[in-house]
Amino acid sequence: MSTDHNAPIEQIIHQIDEVAENNEQVKFGQVMDAVGRKSFASLLLIVGAIMVLPGPADIPGVPVLLGTLVVILCGQMLADADHVWIPGWMERWEIGQSKVQKMLDWLRKPASWIDSMTAQRWTWMMNHATISTLAVAAILVAMSTPVLEFIPFSANLAGGAIFAFALSILARDGLLAGVAVCIALATFGLVGYQLLG
């Protein structure tokens, strides 16, 4: 895996930054090539980060599209696929260089702190069964995105869960995996409250 487990977020930011510097329009396929098409967790972290960022997740339809991508990625993780496959139209998703740089600048501020807070702990939890459980939980969170579009800030919460899932896998941090599950449960609770309330 190409990601540095000692600072996974900063490393991914650096990889995407290199792509953005050389392209006025950045395609998701180019991002996949930069972080590695075998790094499911890195790509999942990127999707989670986009959902967490203020702005993108508030655009109608975007949470559902990102949720669909999460389902595709996690489904392949559960199937033990050798490398990531996504539909060609998703690979051709593109965003302007300035918007990519703006998102990266926003992420840089907390990246170092978040990376410093992760560690290889409770690694006994980070086995195949746990990672499969995290993938299933991420799929369930992603499947709630059509409802989340109608609940303010809930898509950002879902993105936080997906981001934490991915980071816990990259850092082999069992404690963070537990936190990710708690965020997912909070997301489900919010959806349930809105539907039943």
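Throughout, read-outs are computed from the coordinates displayed, never taken from laboratory work. Bear in mind the structure is a predicted one, so any value in this text is a computation, not a measurement. All Cβ positions, glycine included, derive from the backbone under ideal geometry; neighbour counts span all protein chains shown.
The loop-placed GluC sites (Glu not before Pro) in the range 9-51, going by DSSP, that have at most 14 neighbouring Cβ atoms within 10 Å of their Cβ come out as E24. Divide by every residue of the chain the summed helix terms, -39500 (n - 2.57) for each DSSP H run of at least 4, and state the resulting mean residue ellipticity at 222 nm, rounded to the nearest 500 deg cm²/dmol. It lands at -22500 deg cm²/dmol.
Taking the Kirkwood radius as Rh and the Cα radius of gyration as Rg, the range 1-82 has a ratio of Rg/Rh equal to 0.96.
Out of every Cα-Cα pair that the range 8-196 contains, those further apart than 25 angstrom amount to 30 percent.
Derived scalar couplings between HN and Hα for the range 72-81 equal 5, 5, 5, x, 6, 4, 5, 8, 6, 5 Hz in order, rounded to whole Hz, by the Karplus curve 6.51 cos²θ - 1.76 cosθ + 1.60 (θ = phi - 60°), x for Gly and Pro. For the range 132-141, 3J(HN,Hα) computed residue by residue from phi via the Karplus equation (6.51, -1.76, 1.60; θ = phi - 60°) reads 5, 5, 4, 5, 5, 4, 5, 5, 5, 4 Hz, glycine and proline entered as x. Considering only Q11, W106, A184, the residue lying farthest towards the positive end of the dipole of the chain is A184, judged by Cα position with unit charges set on Cβ. The charge dipole of the range 8-196, taken about its Cα centre with unit charges on the Cβ atoms of Lys, Arg (+1), Asp and Glu (-1) only, comes to about 300 debye. GNM on the chain, alpha-carbon springs under 10 angstrom: the most fluctuating residue among F163, F153, F40 is F153. Gain on full extension, evaluated as 0.36 nm per residue between D80 and T123 minus their Cα-Cα distance, stands at 13.5 nm.
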